[in-house]
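S.K.: For reference, the structure I am asking about is given below.
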Amino acid sequence: MDWKDIPSLASLRAFDALARHGSLSAAARELNVTHAAVSQHLRALESDFAEPLARREGQGMVLTEAGHELAAALGEGFARIAEGVTRLRDRRVVRPVVVALTPSFAEAWLMPRIGAFWAAHPEIEVRLVPGITLTDLRRDGVDLAIRFGAGQWPGVQAEPLALSRFAVVAAPGYTKVRSLADLDKLTAHDWFFSTASSEQRVWGAAIGADFDKVGAREMANNGLVLSAVRAGLGLSIQAMALVQPDLAAGQLVSLYEGDAEGLGYYIVTRAEPLSPGARVFLSWLRRAARTDA
């Protein structure tokens with residue numbers, strides 16, 4: 001389609017309003033323009049088609065045969081446009097909110113809390129996509145992601161959600177070590193970390209732990225790691241945001257705690273506006289994080 005072969009959309013829109021209302025004044029009120037502007041659009045169309053499209057009759061306007069033909073085509077075309085726009089808007093409202101996040105954060109932080117969101121917003125479906133890599137949000141249809149790092153990822157917007165301290169944790173009575181210097185004495189002990197968690201490797205580097213040398217055991221997910229540590233099988237490095245409930249309940253003890261230094265969990269979004277459901281979920285995430293602070 002060559003747009004140069006079609007009259008201006010403003011003129012066509014003005015004629016559609018005129019055809020529906022049968023009045024220049026009524027069409028002008030709908031479009032929030034002057035009576036003269038609608039009349040000018042009508043004259044432009046009649047000049048383009050080289051025949052009259054409407055004539056004055058009493059206080060109103062009556063369409064000619066050509067005018068009726070054009071009005072029918074415009075009515076059908078604009079109706080199709082309106083239907084398509086409405087369908088897309090409705091899809092944004094009702095489609096699931098897709099959230100990409102690290103498996104450890106999903107298991108330890110989000111799942112114990114998300115029941116409150118579901119109870120408050122049963123109409124919003126949240127689809128969780130666990131993974132350890134930062135996906136292409138647009139390509140993969142992801143509304144927002146929760147990622148661990150320093151918040152510096154190109155092409156996206158990132159805001160802190162939980163800049164948590166980290167801790168070396170163990171079961172009560174597993175060891176009497178309580179300082180970073182004494183951790184060197186634990187090389188004979190088993191460390192546990194998850195293959196699906198980038199967090200623990202980052203914290204390990206922060207305390208100088210080389211898991212290749214100290215015999216770390218890899219587990220499929222962080223839930224298994226925490227189960228092993230609770231059972232007194234070894235140590236692990238965890239973000240405080242993930243183990244705070246276990247520490248409070250006495251199931252784990254902290255052997256050493258380190259500062260976040262900008263590392264933590266960030267909410268990652270695209271630059272364009274979020275869907276209504278995603279905005280609601282994002283607001284809930286922020287409130288939940290503030291409650292923990």
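The values are calculated or read from the model by the stated rules, or taken from the named source; none is laboratory data. All values reported here derive from a predicted model rather than from experimental measurement. A quick note on method: Cβ atoms are made from the backbone with ideal geometry, for glycine too, and the neighbour counts reach across all protein chains shown.
S.K.: Using beta carbons and a limit of 9 Å, which pairs, at least six apart or on different chains, have the first residue in the range 11-27 and touching a residue at least 12 places away in the same chain (Cβ under 8 Å) and under 19 Å from A44 (Cβ atoms) and the second one among the aromatic types (F, W, Y) and assigned to a helix (DSSP H, G or I)?
M.R.: Pairs found: L12/F78; R13/F78; D16/F78; A27/F15.
S.K.: Being modelled with pLDDT of 90 or more and under 42 Å from the mean Cα position of the chain (by Cα) narrows it down to one residue among D16, D5; which is it?
M.R.: D16
S.K.: Still on this model: Kindly provide the set of residues from the range 257-276 that are under 22 Å from L128 (Cβ atoms), buried (at least 21 other Cβ atoms within 10 Å of the Cβ) and not hydroxyl-bearing (S, T, Y), ordered by number.
M.R.: Within the range 257-276, G264, I267, V268 meet the criteria.
S.K.: Also: For the range 258-267, state whether one or more residues are out of contact with any helix residue (DSSP H, G or I) (no Cβ under 6 Å at 6 or more places or on another chain) and under 30 Å from R89 (Cα atoms).
M.R.: Scanning the range 258-267, I find at least one residue that is out of contact with any helix residue (DSSP H, G or I) (no Cβ under 6 Å at 6 or more places or on another chain) and under 30 Å from R89 (Cα atoms), so the answer is yes.
S.K.: If you scan the range 44-67, which residues turn out to be free of Cβ contacts under 8 Å to residues at least 12 places away in the same chain and either exposed (fewer than 14 other Cβ atoms within 10 Å of the Cβ) or among the β-branched types (V, I, T) (or both)?
M.R.: S47, A50, R55, R56, E57, G58, E65 - these are the residues of the range 44-67 that are free of Cβ contacts under 8 Å to residues at least 12 places away in the same chain and either exposed (fewer than 14 other Cβ atoms within 10 Å of the Cβ) or among the β-branched types (V, I, T) (or both).
S.K.: Restricting attention to the range 95-134, and to residues there that are part of a loop (DSSP other than H, G, I, E, B) and within 19 Å of Y266 (Cβ to Cβ), which single residue is modelled with the lowest pLDDT?
M.R.: L134
S.K.: Across the range 121-176, which residue is farthest from S194 (Cα to Cα) among those that are aromatic (F, W, Y) and surrounded by 17 or more Cβ atoms within 10 Å (Cβ to Cβ)?
M.R.: Among them, the one singled out is Y174.
S.K.: Moving on to the next point. Enumerate the pairs (first residue in the range 78-89 and closer than 22 Å to S11 by Cα; second residue anywhere and surrounded by 10 or more Cβ atoms within 10 Å (Cβ to Cβ) and of a type in the set (D, E)) with beta-carbon separation below 8 Å, excluding pairs fewer than 6 apart on the same chain, so at least 6 apart or on different chains.
M.R.: Close Cβ pairs satisfying both conditions: F78/D16.
S.K.: Please list, ordered by residue number, the helices (runs of 4 or more DSSP H) wholly in the range 1-65 having 1 or more residues that are out of contact with any Cys (no Cβ under 6 Å at 6 or more places or on another chain) and over 21 Å from A79 (Cα atoms).
M.R.: The helices (runs of 4 or more DSSP H) meeting that bar are 24-31, 35-49.
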